[in-house]
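Just below is one structure, and these are the notes that go with it.
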């Protein structure tokens, strides 16, 4: 009769499992927020119960699987914190932007290239020297051999053309 109450007995283990699995899964789900992860943690908890069935008395089975499940969850959280801190320290080259944002950025880049191609050569040259190279109007005027006011006018005309060509600039 003592053998029937032993958790190493398959029938007794099945009974403990069917009694506790739903409530344990809900408990872990509320902690982690993922149904799949909760299911995995619960399964691991019952595997540990089966592996240690000789050491766990039947009346302690519930507290054992809850403690094991909670510890597995806490270990996972601690591991994720370590990974997060490492990524923060080292800096990751991964791009965490959404695919939608990346697509819009690519489309905007293509629009900008087409708009720049529509500028006259003198406008494009002055604009790129100002915005890309960071040169001041005086430097642009000296390089192009024009007055500072003419350099400003070319950049102003380029911006106006770009605003008309590109929506939402």
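Hey, can you tell me all the residues within the range 4-14 that are touching a helix residue (DSSP H, G or I) at 6+ places or on another chain (Cβ under 9 Å) and without any contact (Cβ under 8 Å) to a residue 40 or more places away in the chain?
4, 9, 11
Which pairs do you get when a residue that is in the same structural domain as residue 16 (by TED's automatic domain parsing), found in the range 30-54, comes within reach of a residue that is assigned to a loop (DSSP other than H, G, I, E, B) and buried (at least 16 other Cβ atoms within 10 Å of the Cβ), reach meaning Cβ atoms under 6 angstrom, with the pair 6+ apart or on two chains?
Partner pairs satisfying both residue conditions: 53/7.
Residues being more than 30 Å from residue 150 (Cβ to Cβ) and not in a helix (DSSP H, G or I): count how many of those fall in the range 100-124.
Qualifying residue count for the region: 0.
Please verify whether residue 150 is touching a residue at least 24 places away in the same chain (Cβ under 8 Å), surrounded by 10 or more Cβ atoms within 10 Å (Cβ to Cβ), in contact with a helix residue (DSSP H, G or I) (Cβ under 8 Å, 6 or more places away or on another chain) and assigned to a helix (DSSP H, G or I), treating the condition exactly as stated.
When the stated conditions are applied, residue 150 does not pass them.
Between 85, 75, which is modelled with pLDDT of 85 or more, under 31 Å from the mean Cα position of the chain (by Cα) and either part of a loop (DSSP other than H, G, I, E, B) or surrounded by 10 or more Cβ atoms within 10 Å (Cβ to Cβ) (or both)?
After applying the criteria, what remains is 75.
Have a look at 83, 22, 122, 68 and point out the one that is outside the structural domain of residue 150 (by TED's automatic domain parsing) and either touching a helix residue (DSSP H, G or I) at 6+ places or on another chain (Cβ under 7 Å) or closer than 30 Å to residue 137 by Cβ (or both).
Going through 83, 22, 122, 68 in turn, the sole match is 68.
The values are calculated or read from the model by the stated rules, or taken from the named source; none is laboratory data. Bear in mind the structure is a predicted one, so any value in this text is a computation, not a measurement. Methodologically, a virtual Cβ is constructed for each residue, glycine included, from the backbone with ideal geometry; neighbour enumeration extends over all protein chains shown.
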